[in-house]
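Trainee: Before we start, here is the structure in question, set down as structure tokens.
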Amino acid sequence: MLTDAEREEIEAEVHHYPQRRNACIDALQIVQRHRGWVSDEGVRDVAALLDLSPEEVDGVATFYNLIFRRPVGRHVILLCDSVSCWLMGCDRVREQLTARLGIAFGQTSTDGRFTLLPVQCLGTCDHAPALMIDAELYRDLTPERLDEILRGHAEESVYGATADQEYSAGRGAA
């Protein structure tokens, strides 16, 4: 069931469109912002509110790659793997990310802090390699800069040590 806050935000978006159904992506983004991802229940709730079938909403959700249909970490890392980023070293960035976080594409760190996903293009080919963490874009990546970026997004670990302490101890993210 949609919360009152979710329903109010979706209804506010509906007024920007000629038909209720046109607010589908906005509604899915609102649900995801509140819940972290869009469950089957969320799809059914959006469908009911917008007078769509759950299959129609699921079709939109699975087509749009920034709608997450399964749980993700607190921070979602989107690593560009387009030709430009590949030529400029995104494989090295991916290797460093997987080593530091202990996860591969499509996985979430055991502490729930990070999810790593590939993305075809971030539109910044002249500054490759690039990645996004949540809504923040990082360009011209280097190994040193990547470690700095990860430390900036790391939160208190489940073991009580800060991420800075974990990285400086050589353990990466716990």
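Trainee: Output the helices (runs of 4 or more DSSP H) that fall wholly within the range 51-163 and possess 3 or more residues being over 19 Å from V38 (Cα atoms) and touching a Pro at 6+ places or on another chain (Cβ under 6 Å), or say none.
Mentor: Working: elements: 54-63, 83-87, 90-101, 143-153.
Helices (runs of 4 or more DSSP H) meeting the threshold: 90-101.
Trainee: Still on this structure, please answer the following. Sort out which residues of the range 66-119 are touching a residue at least 60 places away in the same chain (Cβ under 8 Å) and among the basic types (K, R), and write them in order of number.
Mentor: Correct list: R74, R100, R113.
Trainee: Regarding the range 27-41, can at least one residue be identified that is touching a strand residue (DSSP E or B) at 6+ places or on another chain (Cβ under 9 Å), surrounded by fewer than 20 Cβ atoms within 10 Å (Cβ to Cβ) and touching a residue at least 24 places away in the same chain (Cβ under 8 Å)?
Mentor: Let us first name the residues in the range 27-41 that are touching a strand residue (DSSP E or B) at 6+ places or on another chain (Cβ under 9 Å), namely none.
No, the range 27-41 contains no residue that is touching a strand residue (DSSP E or B) at 6+ places or on another chain (Cβ under 9 Å), surrounded by fewer than 20 Cβ atoms within 10 Å (Cβ to Cβ) and touching a residue at least 24 places away in the same chain (Cβ under 8 Å).
Trainee: Taking A23 and the conditions (1) buried (at least 17 other Cβ atoms within 10 Å of the Cβ); (2) out of contact with any Phe, Trp or Tyr (no Cβ under 8 Å at 6 or more places or on another chain), which numbered condition does it fall short on, given that it satisfies the others?
Mentor: Among (1) buried (at least 17 other Cβ atoms within 10 Å of the Cβ); (2) out of contact with any Phe, Trp or Tyr (no Cβ under 8 Å at 6 or more places or on another chain), the lone unmet condition for A23 is (2).
A short reminder: the numbers here are calculations on the coordinates, not readings from a lab. No experiment lies behind these values; they were computed from the predicted model shown. Backbone-built Cβ (ideal geometry, glycine too); neighbour counts: all protein chains shown.
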